[in-house]
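Please treat every number below as a calculation from the coordinates, not as lab data. Computed from a predicted structure; not experimentally measured.
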């Protein structure tokens, strides 16, 4: 029987065969989902997917790309948004 703290669904159960031939269950922490673009839902490049306590340890510049909308939009959607803003500005002039 696992410990009460390991009975939650926040652990992944992995069946492992030990060198002695016994089958045991290892309880592993689930990996966090990757960051996704808020428009097209494509995975963001340049954004690490780590647990919150690991994300606190890395510097802010390593958490997202250094560009407008970095960390929330992918590069393709960023380019499209910038084009739309630029066209809207030209139409108003």
Within the set 64, 41, 22, GNM on the chain using Cα springs under 10 Å gives the largest fluctuation to 22
CD proxy at 222 nm, helix term only [per DSSP H run n ≥ 4: -39500 (n - 2.57); per residue of the chain; nearest 500]: -8000 deg cm²/dmol
For the Cα atoms of the chain, what angle does the longest principal axis make with the long axis of helix 75-92, in degrees from 0 to 90, nearest 10? 20
Pulled fully out, how much extra length does the chain show between residue 34 and residue 81, if you take 0.36 nm times their separation in residues and subtract their Cα-Cα distance? 14.7 nm
Compute a Gaussian network model of the chain, connecting alpha carbons closer than 10 Å, and tell me which residue from 18, 78, 61 fluctuates the most. 18
Give the dimensionless ratio obtained when the Cα radius of gyration of region 22-67 is divided by 2.2 N^0.38 Å. 1.56
In the set (1) 41, 12, 8; (2) 45, 13, 11; (3) 33, 17, 16, which value of semi-axes √(5λ) of the Cα gyration tensor in Å was calculated from the structure you see? (2)
Expressed in nm to one decimal, what extension gain is obtained for the pair residue 6 and residue 72 from 0.36 nm per residue of sequence separation less their Cα-Cα distance? 20.4 nm
In percent, what relative contact order does region 34-93 have, based on Cα pairs under 8 Å that are 6 or more apart in sequence? 34
